[in-house]
Every structure is written in structure tokens, then in C-alpha cells.
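This report refers to the structure that appears directly beneath it.
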Amino acid sequence: MPEMSKMKKPDVKVVLLGDMNVGKTSLLHRYTERKFKDTISTVGGAFYLKQWGPYNISIWDTAGREQFHGLGSMYCRGAAAVILTYDVTNWQSLAELEERFLSLTDTANHDCIYAVVGNKADLTDPKAQLSRDSDVAPEDRTECEEDRTEPEVLSACPTPPASPASLSGVMLHKQVAPEDAAAFYGRILRYKGLDEKSSLPAEKMCFETSAKTGYNVDALFEALFDLVLPSILRKRNENQESPTVDLEECRGTSSKRSRTSCC
Ligand SMILES: Nc1nc2c(ncn2[C@@H]2O[C@H](COP(=O)(O)OP(=O)(O)OP(=O)(O)O)[C@@H](O)[C@H]2O)c(=O)[nH]1
Ligand SMILES: [Mg+2]
């Protein structure tokens, strides 16, 4: 984890939430490092600071394991966007979002934006096996191209433990349909007491991604960053509008305060 004291202050916070093994860390690696690499189950949480134009966005990766559940609401405190992540091959991972994770977002900003993201789409959807990243790292691009054209070469590639099906070219059954994700998004809005008509629509806020191939990963993060811009600008305005401190006056006030507080 980078050392906060040496870093610029984040303007806004985006949090990845979801059950263990859905691919939260892999999504963050894919976006920030342009790579799909081996992961170990996250302990606690970690963040990455993304420079987005003149703004600094902290992206928080959280642990999905039950034992770290209590930390989730702490990580969501003050979040401008939450990415509720599930695995398209695992129905239970969507159910868990509703049962265990949604309530953790109670500490997020009142105008927090919610994205519902079905990861591992490469396992169920041939189009997600093709990378959509314009700037996938060259070593990864070779791997993706091999995926598509030379399946026999793949046995020589390192096999991520949770994705043998995609490597063998066999598609898995998709357990969560886009309509299920959209229905869940509708329930998030109701849980938050938001009016569906004046909120961002499900078609804009539900994504299917593949951290493995990069499919839709940039689109997800960039759409969210665009949507949190108003939050950033408002926060910056609030900071600018806060009155400058007159030290003399301040001294006067503090001495007055100390007098009043003195018995
Ligand atoms: N096929 C495929 N496998 C993936 C994808 N994303 C992640 N995986 C695999 O799924 C497993 C879990 O990925 P992680 O990124 O560690 O999952 P996580 O959600 O961070 O899990 P926790 O840290 O325990 O909460 C790993 O074996 C990954 O290689 C994906 O898009 N496609
Ligand atoms: Mg993780």
C-alpha cells in the first residue's frame, strides 16, 4: 500500500465490493497495471491512487472473505462510487451482494453512484474473450491473441486457477443474466430510497467485464470517473468557498473560547 503522507490528497473515493474470488483485485490490476496476474485473496483492503486529468481518485480494493466483513463499511465511508462485483458464473455471488454487501454502503456519500459488475465474462461469452483494451500491455496482448487463435499453445501459458474453462475454449453456463443484474440495480435504488426515473439507468450502470482479457474494464472505470466528476468539483468548490482563516481573529476567538470554557 502506498504511503498516504507522501501522496496527494485524493479528491474522491471509489470502492470495489463483492464476495471473495469474484475478481475485484484482478479488475484493479487489469485497469491499473494493464495485466492479468496471479492474485492472493485480499487481506483487509488496499488502495490505488489514480491520476484522472487534474484529479486524484483513490480506488479501494476490499477483501471479500467473511472474516473481513466488518471492515467493509469503514472502507465505504465517504465513497463517491461503489462497484458491486459478482462472478457471472456464480449466482450466489450476486445474492451475496444483496445479502451481505449492500448494507455496507450505508456509510457512502448520499449521492454515491452504484455500478453492478459481472466479472469473468470471458468464461461465458465469446465476445468477452477478445480484449477491448486499446492499450493492453504487449505481453498480455500476445496471451489474448494466443487464446483466440492457437489454443494448443495455451497449455504452455500460466493457468489462473479459477479459469481453466476459458483456457480450454469451453464456455461455462452463465448463471447471472444481465436482467438479473439490472433487477438488482433497481433494488439498490429502492434500498437507497432513490427514484428510478431520476437516477442513472441500469443499462448505464450494469457492466459485464473480464479482468482476464480486459473486456469492458476501461469502459467501467472511465464511465465511473466521468460520473463522479461533479462530486469532485463540488468538493473542490466547497473547499475554496470555506473562509480563509484570520490568525489574529482566530487568536481572539480561541482566547475568548478558553475564557468561556473556563469556570
Ligand atoms: N477467467 C477469469 N478468471 C478471473 C477473472 N478475474 C479473476 N479471475 C480469477 O479469479 C480468482 C479470484 O480473483 P481475485 O481478483 O483474487 O478475486 P477477489 O475478488 O479479489 O477475491 P478476494 O480478495 O478474496 O475478495 C483468481 O484465480 C483469478 O485469476 C476473469 O475476469 N476471468
Ligand atoms: Mg482480492
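FYI, it's all coordinate maths here, none of it is from the lab. Computed from a prediction, not measured in an experiment: that's the story for all the values here. FYI the Cβ positions are ideal-geometry reconstructions off the backbone, even for glycines, and counts take in every protein chain you see.
Laid out as a table, the results:
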| read-out | value |
| --- | --- |
| For peptides 180-187, 215-222, sequence by mean Cβ density within 10 Å, most packed first | 215-222, 180-187 |
| Inverse of mean 1/r across different Cα pairs in region 11-64, Kirkwood, Å | 11.5 Å |
| GLN175 long-range amide H proximity, modeled H, under 5 Å | THR89, ASN90 |
| Calculated from backbone phi, Karplus (6.51, -1.76, 1.60) coupling profile of region 83-91 in Hz, x at Gly/Pro | 9, 8, 9, 9, 10, 4, 8, 9, 4 |
| Relative packing of peptides 45-53, 195-203 - highest average C-beta neighbours within 10 Å first | 45-53, 195-203 |
| Alpha-carbon centroid distance for the pair region 102-128 / region 10-70, whole angstrom | 12 Å |
